[in-house]
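Here is the structure we will look at, set down as structure tokens.
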Amino acid sequence: MKTALCLFAFLALYLFGLEAYGQQSTAPAANPGTAAASPMQKNIETYLRHLYAFGPDVKVSVAVPKETGVEGILEVSIHVIIGESKEDAKFYVSKDGKFLFRGDMSDMTKDPLAEARSLMQLKDAPSAGDANAPVTLVEYSDFECPVCKSLHDALRALLPKYAGKVRVIFKDFPIEQIHPWARTAAIAGRCSYQQDPKAFWKMYDLIYDNQEIISAANAWTKMTDYAERSGLNAETFKTCMAGAEAGAAVDASRTNGLQVEVNSTPTVFVNGRRMVGADSHLLEQYINYELAQQQSTKAAEKK
């Protein structure tokens, strides 16, 4: 088991380039197809097994390469299973099968942030700050995630400096595979929002501030306590927690996260610019950049 975990850590860092500062979600399985593997698929698998010393106990599936719209380059999904750990990654391969590379391919004729902004579903999500603020920060988080708590603390210190300039929108992305009470907390947050949108942010603070004392065994009791402390009607809250509506909203939020390729928490988008983790200096850099860009645009329009 220890060997498998070490291999998976190696895989995550070097093969998949996963972010080091977020809590990882198990990705959905790639579909390698039911047809027999082509020579290119077999060559890619052989190459990766040799490069990363994957033995027969490691399952590597190579999906059928598909067109990218760029001449001579195909996209291929790789799915790896080591014990109970699973990961997917997107690679690119030259059509002649000679070159394999990992990374993001960008169309420089398009706004690199526009697609993320267009895919994020922000209607009926908890928000704080001026709706017309020049910067919108969308946070995909898990209430049980320690790094998400660090982001919460960083935002609490940072946002007062940007009053009227930054709007924060919260999106649930519970990672239930590793966080047993994350979904309960997400549903609690949703129930608080449905009863009183302003109360959501009180729950948000209470859950993160008390994260260390919450467990799978006491999560329901703690959520009910925090709801009462947030000024919510306890019976209405309990009814919501036991119903299906809040859970469905949490599921929809998580599905939306997958659409914008969230695979770890916290993942933050600052006007569409992605940041994974809780680096307050980088977050401030992104906010300041967006504000400066908009000031520059306004100055240019006045000329």
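Thr224 fails exactly one of the following numbered conditions: (1) free of Cβ contacts under 8 Å to residues at least 40 places away in the same chain; (2) among the β-branched types (Val, Ile, Thr); (3) open to solvent by 20 Å² or more (accessible area, probe 1.4 Å). What is the number of that condition?
(3)
Which residues, taken from segment 234-253, are open to solvent by less than 50 Å² (accessible area, probe 1.4 Å) and part of a helix (DSSP H, G or I)?
Residues of segment 234-253 that are open to solvent by less than 50 Å² (accessible area, probe 1.4 Å), as a first pass: 234, 237, 240-241, 243, 246-247, 249-250, 253.
Across segment 234-253, the qualifying residues are Ala234, Phe237, Cys240, Met241, Ala246, Gly247, Ala249, Val250, Ser253.
From (1) under 17 Å from the mean Cα position of the chain (by Cα); (2) open to solvent by 60 Å² or more (accessible area, probe 1.4 Å); (3) among the β-branched types (Val, Ile, Thr), pick out the condition that doesn't hold for Val276.
(2)
State the number of residues belonging to segment 86-116 that are open to solvent by 90 Å² or more (accessible area, probe 1.4 Å) and either modelled with pLDDT of 95 or more or among the hydrophobic types (A, V, I, L, M, F, W, C) (or both).
Within segment 86-116, residues that are open to solvent by 90 Å² or more (accessible area, probe 1.4 Å) and either modelled with pLDDT of 95 or more or among the hydrophobic types (A, V, I, L, M, F, W, C) (or both) number 5.
Being over 27 Å from Gly129 (Cβ atoms) and either among the small types (Gly, Ala, Ser) or outside any loop (DSSP other than H, G, I, E, B) (or both) is the filter here, so list the residues in segment 185-226 that pass it.
Within segment 185-226, Glu212, Ile213, Ser215, Ala216, Ala217, Ala219, Trp220, Thr221, Lys222, Thr224, Asp225 qualify.
I'd like the full set of residues that are of a type in the set (A, V, I, L, M, F, W, C) and in contact with a helix residue (DSSP H, G or I) (Cβ under 8 Å, 6 or more places away or on another chain), limited to segment 91-111.
Kept after step one, since they are of a type in the set (A, V, I, L, M, F, W, C), are these residues of segment 91-111: 91, 93, 99-101, 105, 108.
If the condition is that a residue be of a type in the set (A, V, I, L, M, F, W, C) and in contact with a helix residue (DSSP H, G or I) (Cβ under 8 Å, 6 or more places away or on another chain), then Phe91, Val93, Leu100 are the ones that fit.
Within segment 163-184, work out how many residues are in a loop (DSSP other than H, G, I, E, B), of a type outside the set (Asp, Glu) and open to solvent by 30 Å² or more (accessible area, probe 1.4 Å). Let's see the steps before the verdict.
Filtering segment 163-184 down to residues in a loop (DSSP other than H, G, I, E, B) leaves 163-165, 173-181.
When the remaining residues are screened for being of a type outside the set (Asp, Glu), the result is 163-165, 173-175, 177-181.
From the residues that got through so far, the ones that are open to solvent by 30 Å² or more (accessible area, probe 1.4 Å) too are 163-165, 177-178, 180.
Counting residues in segment 163-184 that are in a loop (DSSP other than H, G, I, E, B), of a type outside the set (Asp, Glu) and open to solvent by 30 Å² or more (accessible area, probe 1.4 Å) gives 6.
Report whether or not Asp124 is under 19 Å from the mean Cα position of the chain (by Cα) and either open to solvent by 40 Å² or more (accessible area, probe 1.4 Å) or free of Cβ contacts under 8 Å to residues at least 40 places away in the same chain (or both).
Numbers: under 19 Å from the mean Cα position of the chain (by Cα): yes; either open to solvent by 40 Å² or more (accessible area, probe 1.4 Å) or free of Cβ contacts under 8 Å to residues at least 40 places away in the same chain (or both): yes.
Judged against the criteria, Asp124 is a match.
Of the residues Gly129, Gly83, which is modelled with pLDDT of 95 or more, surrounded by 11 or more Cβ atoms within 10 Å (Cβ to Cβ) and on the phi > 0 side of the Ramachandran plot? Steps first, answer last, please.
Values: Gly83 fails: modelled with pLDDT of 95 or more.
Criteria check complete, one pass: Gly129.
Output yes when any residue across segment 109-127 is among the hydrophobic types (A, V, I, L, M, F, W, C) and under 28 Å from Ala219 (Cα atoms), and no when none is. Don't jump to the end; show me each part of the working.
As a first pass, look at segment 109-127 and keep what is among the hydrophobic types (A, V, I, L, M, F, W, C): 113-114, 116, 119-120, 122, 125.
Filter once more, keeping what is under 28 Å from Ala219 (Cα atoms): 122, 125.
Looking for residues that are among the hydrophobic types (A, V, I, L, M, F, W, C) and under 28 Å from Ala219 (Cα atoms), one finds at least one in segment 109-127, hence yes.
For segment 22-46, how many residues meet the condition of being surrounded by 14 or more Cβ atoms within 10 Å (Cβ to Cβ), modelled with pLDDT of 55 or more and either outside any helix (DSSP H, G or I) or not acidic (Asp, Glu) (or both)?
Summing the residues that are surrounded by 14 or more Cβ atoms within 10 Å (Cβ to Cβ), modelled with pLDDT of 55 or more and either outside any helix (DSSP H, G or I) or not acidic (Asp, Glu) (or both) in segment 22-46 gives 10.
Specify the residue that is farthest from the chain's Cα centre (by Cα); the eligible residues are those in segment 279-298 that are of a type in the set (Gly, Ala, Ser) and open to solvent by 50 Å² or more (accessible area, probe 1.4 Å).
Restricting attention to segment 279-298, the residues satisfying the condition of being of a type in the set (Gly, Ala, Ser) are 280, 292, 296.
Retained after the next criterion (residues that are open to solvent by 50 Å² or more (accessible area, probe 1.4 Å)): 292, 296.
Working: Ala292: 27, Ser296: 31 Å.
For segment 279-298, the residue satisfying everything is Ser296.
The values are calculated or read from the model by the stated rules, or taken from the named source; none is laboratory data. Treat the numbers as computed from the prediction; the structure is a model and nothing was measured. Glycine gets a Cβ as well: all are built from the backbone with ideal geometry, and neighbour counts include every protein chain shown. Note: areas computed on protein heavy atoms with side chains; ligands, DNA, RNA excluded. Shrake-Rupley method; radii C 1.70, N 1.55, O 1.52, S 1.80 Å.
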